[in-house]
1. Take the conditions part of a helix (DSSP H, G or I), among the hydroxyl-bearing types (Ser, Thr, Tyr) and at pLDDT 95 or above and apply them to residue 38. Does it pass?
2. What is the residue count in region 300-332 for residues that are within 22 Å of residue 203 (Cβ to Cβ) and out of contact with any Phe, Trp or Tyr (no Cβ under 9 Å at 6 or more places or on another chain)?
3. Taking residue 339 as the residue in question, decide whether it is buried (at least 19 other Cβ atoms within 10 Å of the Cβ), in contact with a strand residue (DSSP E or B) (Cβ under 7 Å, 6 or more places away or on another chain) and in a loop (DSSP other than H, G, I, E, B).
4. Would you mind telling me which numbered condition in (1) open to solvent by 10 Å² or more (accessible area, probe 1.4 Å); (2) in contact with a helix residue (DSSP H, G or I) (Cβ under 9 Å, 6 or more places away or on another chain); (3) assigned to a loop (DSSP other than H, G, I, E, B); (4) within 30 Å of residue 217 (Cβ to Cβ) residue 88 fails?
5. Return yes or no: is residue 287 open to solvent by 90 Å² or more (accessible area, probe 1.4 Å), farther than 30 Å from residue 323 by Cα and at pLDDT 95 or above?
6. Scanning region 49-85 for residues that are of a type in the set (A, V, I, L, M, F, W, C) and more than 30 Å from residue 179 (Cβ to Cβ), which turns out surrounded by the fewest Cβ atoms within 10 Å (Cβ to Cβ)?
7. Farther than 29 Å from residue 348 by Cα, assigned to a loop (DSSP other than H, G, I, E, B), open to solvent by 10 Å² or more (accessible area, probe 1.4 Å) and touching a helix residue (DSSP H, G or I) at 6+ places or on another chain (Cβ under 9 Å), is that true of residue 111?
8. How many residues, within region 293-315, are within 23 Å of residue 234 (Cα to Cα) and surrounded by 13 or more Cβ atoms within 10 Å (Cβ to Cβ)?
Amino acid sequence: MSVVCRDVRREAFAEASRFRGEFYECLTARRDELFELTDALLCVDGPVTSPVDLTMVPEHRRGHGALYGALNRGGIDVERLRTLLAGLPLPRFESGRLVLAVDVSPWLRSDAPCSADRLFCHVYGRAKSASQFIPGWPYSFVAVLEPGATSWTSILDVVRLGPEDDATAVTAAQLRAVAERLISAGQWTPGDPDITIVMDAGYDVTRLAWVLRDLPVELVGRIRSDRVMRLPKPSPEEYSLAYPQGGRPPKHGKEFRFAKPETWPEAAITTITDTANYGKAEAQAWDRVHPRLTHRSAWLEHDGELPVVEGTLVRLKVEHLSKEREAPPVWLWSSKTGAAPTDVDLWWQVFLRRFDLEHTFRFGKQILGWTTPKVRTPEAADRWTWLVVVAHTQLRLARPLAADLRRPWEKPTKPERLTPARVRRGFRNIRAHLLCPARVPQPRGTGPGRPPGTKNRRPAPRYDVGKTVRRPETLKAIGRPGRSW
C-alpha cells in the first residue's frame, strides 16, 4: 500500500470516528440505544425488513423494548445534527461549485388511521393513468450532488411537511437555513461560485428565486412545456421607434409561448454537446425571460407592486432517449441573467444529476428500510428518518475504506465506483476500527410486568387525512387561496 493511500485511509478513519462521536453528542435521550440502532442498520445482512429484527444483530446489545422506547421517546438535537452534516467534506463540481438538489419523497401510511399529520401523497403507478393519492408523510430532502454518473449524494437536511404548511414557504425556509449553515461552516466564502440549487417541475422556482435573492445562490428548475413567459421590456430607443406618439413604457415585453416557436426570438446562446447516451444535446438560451406575475397564489398577499423576476430560459433537446425513444424538449429556468455558454451547459448537466437523488430515495427505502417501520406518531417517524440519514452519511464517509465484497455473479468494481449497497456489505469490518461511544447495557432485571386482570389503555385516537401533497413534478396550489405547492 502506498504512503498516499495509507494517509487517505487514516484521514477517512479519523473523519468517520469524529462524525460518530459528534453524532453521539447530538443524541439527548436514549442515546445509547439510538446509536446502536444506527449501527445495526449498517451491519445487518441484506435489506432491513423489520426494525425489531435489528435487535438480533450483534452490534445491537439491547432488547426490542429498548428499540421501541428509543423510537417513541428518544431525543435528537436536530439543529446540532444539521450543523454537523453541513461541516463535513462535500463533493464539488468544477471551480469548487456546490450543487444542491431539493425533492420530496413520501412515507406512505395508508393503513394508519391512528397516525396524525398524514396527507394525501401523489404517487405514480406503471403508467401515468395509474397515479394514485395515498395517505402518508411527505418529507422534503436537500442533498449535495456529485459530478459524473454516480448514485451517491450527501444529505444535508430533511423536513416533514405538515397539513398546515405552505410547501413553497417551507422549501424557502429550508433552503435558506441550509445555505446559511454552509456559509457558517466555511463551505462557501466570498469569491466562490454561487451555490446552485436544482429542482424539478412543480416548485415555484421564480417565487423561490425572489425569496432567496439575498443569498449567494442561483436556482435552476424545470418548467412545464405549456407555460407562457415574457421577454424583457424594450429599451427606450426601441420603444420610441415602435411608439413615436409616446405613452407609458410597458413593464413586460412580448409573449414567449413555449408551444409556439413563432413567438421565440433568436436565441442569445446556442450550444451543442455530444453525449454518450442521448446523442447530440442542443441547448438554446434566452436572457431576461420572466413570468408575468399576478396577485394570486403565493403572490396574493404581496405588498406593493409585483416584481419582475428575470432569469435565463433554456430549451434542451437531445436526439433520443434510451432504446432510441423520441425525446421531448426540456425547458429550464435559471435565476441568473447574463449567462455564458459554460453556464448554460452546466445548468442542464446538473439538472440531469438531480435524478441521483432518486437513487438515494430508493436505497433508503429498499435497503435501509426508511419506510419499513409501522410507527404510530410522526415524531417517531422523524427520529427514524434522521437515523437513516446518519447511516447513509456514515457509508459515504466509509467509501475510501470499503473493499469490493461482490457476489460471485457480480462484476468487479473499482473502489471509487462502489455503490452505497456495496460499501454497506463491509461496514461491519470497518466499524471494528471506528469510535463506538455507546455504553455497555446494564444487566436485564425482572420487572413486575402488567398486573393480572388489567386492560390495555384506552384506544388510540383517530385522525383525518390532511390535504393533498403531490410529487414535486406535479405539485400545485390547493386548499385555501394563497398557498403555492
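The values are calculated or read from the model by the stated rules, or taken from the named source; none is laboratory data. Quick caveat, the model's predicted, so the values are computed rather than measured. Glycine also receives a Cβ, built like all others from the backbone with ideal geometry; neighbour counts cover every protein chain displayed. Just so you know, the surface numbers come from the protein's heavy atoms only, side chains and all, with ligands and any DNA or RNA stripped out. Shrake-Rupley method; radii C 1.70, N 1.55, O 1.52, S 1.80 Å.
1. yes
2. The total comes to 6.
3. Yes; evaluated as a whole, the condition is true for this residue.
4. Just one mismatch for residue 88, condition (1).
5. no
6. 56
7. In short, no.
8. 11
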